[in-house]
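Everything on this sheet refers to the single structure shown next.
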Amino acid sequence: MSSRNTATFTVPAPLWDTDPVLDALAARDIAQLFRLVQRETKVSQSHLGVATGLSQAQVSEIISGSRRVSSIDVLTRIASGLGMPSRARITLLLGERNRTSAPVAFAASSAEQQATEQELTARYGDVEAVYPSRSEFTSRMPPHDLFDNATDIRAVGLSLNLICQQYADSQLAHLAQNGAHLRLLFLDPAGNAIRQREIEEDMTAGTLGALTTLNLQGVLRVRDRLPADIRDRIEVATYDQTIRANITLINDSLCIAQHYLPHARGVESPTMVIKKRWPAAGLYHVFKRTFDELWSGGQPR
C-alpha cells in the first residue's frame with residue numbers, strides 16, 4: 001500500500017480474490033472496480049482520487065462510465081494506489097484472467113512489482129495505449145494535451161492533419177516562439193505515392209494532393225511569419241514514397257503511430273501510443289528510425 005493511501009483507507013486483502021473483482025480486473029473495468037472497492041470500504045470518491053492520483057471529478061467520470069481508463073501508466077498508478085497484490089495487478093495490466101489457478105495470497109514488495117513490470121514488458125513492450133480509430137484517439141488524447149508543452153515535434157505522414165487541421169496556426173507559431181523545434185515531412189502533393197494512395201482509396205485524382213497542399217501551405221505561412229532569426233525552428237520537407245504510417249514523435253519520449261491500411265483510412269485508422277522506455281530498444285526506436293530515414297531523403301521546402 002502506498003504511503004498516501006494508508007492514511008485514508010485499506011482494501012481488505014480477501015477482496016482481491018473474489019470473482020467480481022477478478023472479472024473487473026480482467027476486463028479493465030475500472031468503474032466496476034471502484035464501485036466494488038467503495039461498497040467494501042465505504043470510501044469516498046475523493047479518497048479514491050487521493051489514493052490513485054486522480055481528481056474527484058475524474059473518479060466520478062470513471063464510475064459513471066463517461067471516462068474509460070486505457071493508459072498502462074494510469075492503470076499501474078491505480079494498482080499501486082489501491083495496494084493490489086501481484087495476482088490482481090497482473091490480471092489488470094495484462095487484461096487476462098487465468099481461471100484455473102487457485103487464489104494465492106501475496107505480500108506487496110518491490111520484487112513483486114518488478115515481476116509485474118517484466119511481465120508487462122514481455123507482452124506490451126513500450127506500447128502505452130491502442131485505439132481502434134483516430135477519432136477515438138483524438139477524443140482521449142486531444143492535440144492540446146500532446147503539443148502545448150512540446151519542445152520538439154517530428155512528424156511524417158500524408159497530410160499531417162493532427163498538427164495542421166486539429167492544432168491552430170497561432171499555436172504552432174507560439175510553440176516556435178517559445179523555443180520548440182518542429183520538423184514536418186509531408187507526402188509530396190504532386191508525387192506518385194500520393195496518387196497511388198488515391199487509387200487505393202478509390203478517390204478522385206488530386207483529392208489528397210489538394211488537402212496536403214492546403215496543409216503544407218498553411219505551415220509554410222506560419223513559418224514565414226515568424227521573425228527571421230527563428231524561422232529555422234519550423235523545418236518543412238516533402239517525400240515521395242509508399243505511405244505506410246503517420247508518425248509523430250514528441251519530446252523524444254512519445255510516439256503516435258497511425259497506420260495506413262487499405263480499408264481503414266483517415267479517422268478509421270487505428271492508432272498506437274508508444275512511450276520511450278529504453279535507450280535503444282522497443283517500438284519507439286523503430287518508428288524514430290523510420291522518421292530519420294525518410295527525413296534524410298526529403299526535399300526541403
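The values are calculated or read from the model by the stated rules, or taken from the named source; none is laboratory data. What you are looking at is a predicted structure, and each value in this text was computed from that prediction instead of being measured. Because the Cβ atoms are built from the backbone with ideal geometry, glycine has one as well, and the counts that use them run over all protein chains shown. Note: accessible area is taken over every heavy atom of the protein model, side chains too, but ligands, DNA and RNA are not part of it. Shrake-Rupley method; radii C 1.70, N 1.55, O 1.52, S 1.80 Å.
Could you say which residue among ILE194, ILE199 is in a helix (DSSP H, G or I), surrounded by 15 or more Cβ atoms within 10 Å (Cβ to Cβ) and among the β-branched types (Val, Ile, Thr)? Explain how you work it out, then say what you get.
Numbers: ILE199 fails: surrounded by 15 or more Cβ atoms within 10 Å (Cβ to Cβ).
One residue alone meets the criteria, ILE194.
Within segment 192-250, restricting attention to residues that are acidic (Asp, Glu) and free of Cβ contacts under 8 Å to residues at least 40 places away in the same chain, which residue is farthest from LEU158 (Cα to Cα)?
Selected residue: ASP229.
(1) part of a helix (DSSP H, G or I); (2) in contact with a Pro (Cβ under 9 Å, 6 or more places away or on another chain): which one isn't true of LEU220, the others all being true?
It fails just one condition, (2).
Please determine whether any residue of segment 32-45 is outside any helix (DSSP H, G or I) and closer than 28 Å to ARG277 by Cβ.
Within segment 32-45 (the criterion being outside any helix (DSSP H, G or I) and closer than 28 Å to ARG277 by Cβ), the answer is no, since none of the residues qualifies.
Cβ-Cβ below 6 Å, separation at least six or inter-chain, first residue in segment 168-185 and farther than 11 Å from VAL222 by Cβ and assigned by the TED database to the domain that holds LYS288, second among the charged types (D, E, K, R) and surrounded by 13 or more Cβ atoms within 10 Å (Cβ to Cβ): which pairs?
Filtered contacts from segment 168-185: HIS181/ASP152; HIS181/ARG233; ARG183/ARG154; ARG183/GLU235.
Taking segment 139-149, which residues are over 19 Å from LEU216 (Cα atoms) and either modelled with pLDDT of 95 or more or surrounded by fewer than 18 Cβ atoms within 10 Å (Cβ to Cβ) (or both)?
Scanning segment 139-149 gives SER139, ARG140, PRO142, HIS144, ASP145, ASP148, ASN149.
Considering only residues of segment 63-79 that are open to solvent by 40 Å² or more (accessible area, probe 1.4 Å) and in a helix (DSSP H, G or I), which is nearest to TYR131 (Cα to Cα)?
Step by step, filter segment 63-79, then rank; the result is ASP73.
What number of residues in segment 151-162 are buried (at least 17 other Cβ atoms within 10 Å of the Cβ) and either out of contact with any Phe, Trp or Tyr (no Cβ under 6 Å at 6 or more places or on another chain) or in a loop (DSSP other than H, G, I, E, B) (or both)?
So the count comes out to 8.
Consider THR271 carefully, then state whether it is in contact with a helix residue (DSSP H, G or I) (Cβ under 8 Å, 6 or more places away or on another chain), at pLDDT 90 or above, surrounded by 15 or more Cβ atoms within 10 Å (Cβ to Cβ) and not acidic (Asp, Glu).
Against the criterion (in contact with a helix residue (DSSP H, G or I) (Cβ under 8 Å, 6 or more places away or on another chain), at pLDDT 90 or above, surrounded by 15 or more Cβ atoms within 10 Å (Cβ to Cβ) and not acidic (Asp, Glu)), THR271 qualifies.
Looking only at residues in segment 171-191 that are in contact with a Ser or Thr (Cβ under 9 Å, 6 or more places away or on another chain) and surrounded by fewer than 15 Cβ atoms within 10 Å (Cβ to Cβ), which one is farthest from PRO143 (Cα to Cα)?
Among them, the one singled out is ALA190.
Collect the residues in segment 202-227 that are open to solvent by 80 Å² or more (accessible area, probe 1.4 Å) and within 20 Å of ALA176 (Cα to Cα), keeping them in residue-number order.
Of everything in segment 202-227, those that are open to solvent by 80 Å² or more (accessible area, probe 1.4 Å) and within 20 Å of ALA176 (Cα to Cα) turn out to be GLN217, ARG221, ASP224, ARG225.
When you go through ALA237, ALA280 one by one, which is the residue that is assigned by the TED database to the domain that holds LEU208 and either open to solvent by 30 Å² or more (accessible area, probe 1.4 Å) or in a loop (DSSP other than H, G, I, E, B) (or both)? Spell out the reasoning first.
Values: ALA237 fails: either open to solvent by 30 Å² or more (accessible area, probe 1.4 Å) or in a loop (DSSP other than H, G, I, E, B) (or both).
Result of the check over ALA237, ALA280: ALA280.
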